[in-house]
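Novice: Dropping a structure here in structure tokens format, bear with me for questions.
The values are calculated or read from the model by the stated rules, or taken from the named source; none is laboratory data. These figures come from a predicted structure and were not determined experimentally. Virtual Cβ from ideal backbone geometry, glycine too; neighbours counted across all protein chains shown.
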Amino acid sequence: MTTVGLLYPGHSAEDDYRRFEVLLDTDIRLPVLHTDIGEDAHRVDALLRMGSAERLQARVAELRLEGAESVVWACTSGSFVYGWEGAHEQIRSLALAAGLPASSTSFAFVHALRRLGLQRVAVAATYPQDVTALFSAFLKASGAEVVADRASGIVTAAEVGTWGRDEVLELARAGDHPEAEAVLLPDTALHTAAYLSELEHALGKPVLTANQVTVWEGLRLAERRAWGPGLGTLFARPDRP
């Protein structure tokens, strides 16, 4: 049994993780522990409060009770908003408090791109423009090249959580760029688990989404390789000789 603990702010698209459990190996568990979201707003001051050490550490004892082998702060905007160094410090403090390997969705994107050998990306974000720009800056600090970024101007996670297939596909298409090797959808409030294959088919390239890379990152930290049908290039089984 491999257990990855997920700290998820509020309630929006956490049911994506249950889909990942079903489609991945049967001995993988992804318990979701909800953190205090505070004010539901894609605004820098609100996001800084959402990702504070106090809020993240409030539920670490429950992670141990769940038998977690790793923990991921399943929130992109509540991590990259701290900047490259600040996001590292956020994860260091979480790892120390939990006594577990820790990461965040922001770093999950970085590590997934490196694993796939991809550098040029397009960002298709639900966020307002200023928050989207901070994610692009974070990616650039990692060494990635952001060839385009598109902001949708959605202020609340609650609204993003109501988006379905048509809105997700339109977001990805609108954010794509001919020079991009991959398209990134960075919001963990966005349901994407059911559409990963369709997204990649529509765009003809890898598509990395927030909840997808969050699961992959937690498994990476737990030193567990896993593959799943319909979960995109990141979870595709390697070709066998």
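Novice: Can you tell which of Arg29, Arg92 is surrounded by fewer than 21 Cβ atoms within 10 Å (Cβ to Cβ), in contact with a Ser or Thr (Cβ under 9 Å, 6 or more places away or on another chain) and either over 19 Å from Thr214 (Cβ atoms) or at pLDDT 95 or above (or both)?
Specialist: The match here is Arg29.
Novice: Additional query: Could you grab the pairs with beta carbons closer than 6 Å, sequence gap of 6+ or different chains, first residue in the stretch 3-18 and in contact (Cβ under 8 Å) with a residue 12 or more places away in the chain, second one in a helix (DSSP H, G or I) and surrounded by fewer than 21 Cβ atoms within 10 Å (Cβ to Cβ)?
Specialist: Taking only residues 6 or more apart or on different chains, not a single pair turns up.
Novice: Filter the stretch 119-129 for residues that are within 18 Å of Thr188 (Cα to Cα) and either assigned to a strand (DSSP E or B) or in contact with a helix residue (DSSP H, G or I) (Cβ under 6 Å, 6 or more places away or on another chain) (or both) and give the result.
Specialist: Listed by number, the residues that qualify are Ala122, Val123, Ala124, Ala125, Thr126.
Novice: Can you pull out the residues in the stretch 55-71 that are out of contact with any strand residue (DSSP E or B) (no Cβ under 8 Å at 6 or more places or on another chain) and basic (Lys, Arg)?
Specialist: Listed by number, the list holds a single entry, Arg64.
Novice: Given the criteria of a type in the set (S, T, N, Q), farther than 27 Å from Ala122 by Cβ and in contact with a Leu (Cβ under 8 Å, 6 or more places away or on another chain), does Gln57 qualify?
Specialist: Answer is yes for this residue.
Novice: Same structure, new question: Select from the stretch 160-208 the residues that are out of contact with any Lys or Arg (no Cβ under 7 Å at 6 or more places or on another chain) and among the small types (Gly, Ala, Ser) and list them in ascending order.
Specialist: Gly161, Gly164, Ala172, Ala189, Ser197, Gly204
Novice: Restricting to the stretch 167-197, what's the tally of residues that are surrounded by 15 or more Cβ atoms within 10 Å (Cβ to Cβ), part of a loop (DSSP other than H, G, I, E, B) and touching a strand residue (DSSP E or B) at 6+ places or on another chain (Cβ under 6 Å)?
Specialist: Total satisfying the criteria: 6.
Novice: Of all residues in the stretch 76-118, which are within 14 Å of Ala137 (Cα to Cα) and either outside any helix (DSSP H, G or I) or of a type in the set (Phe, Trp, Tyr) (or both)?
Specialist: If the condition is that a residue be within 14 Å of Ala137 (Cα to Cα) and either outside any helix (DSSP H, G or I) or of a type in the set (Phe, Trp, Tyr) (or both), then Thr76, Phe80, Val81, Tyr82, Trp84, Phe107, Phe109 are the ones that fit.
Novice: Follow-up question, since we're still on this one. For the stretch 1-19, how many residues meet the condition of being assigned to a helix (DSSP H, G or I) and either closer than 13 Å to Arg224 by Cβ or in contact with a His (Cβ under 7 Å, 6 or more places away or on another chain) (or both)?
Specialist: Count: 1.
Novice: May I pose another question? Which of the residues belonging to the stretch 96-124 are over 14 Å from Ala182 (Cβ atoms) and buried (at least 17 other Cβ atoms within 10 Å of the Cβ)?
Specialist: Result: Ala97, Ala98, Leu100, Pro101, Ala102, Ser103, Ser104, Thr105, Ser106, Phe107.
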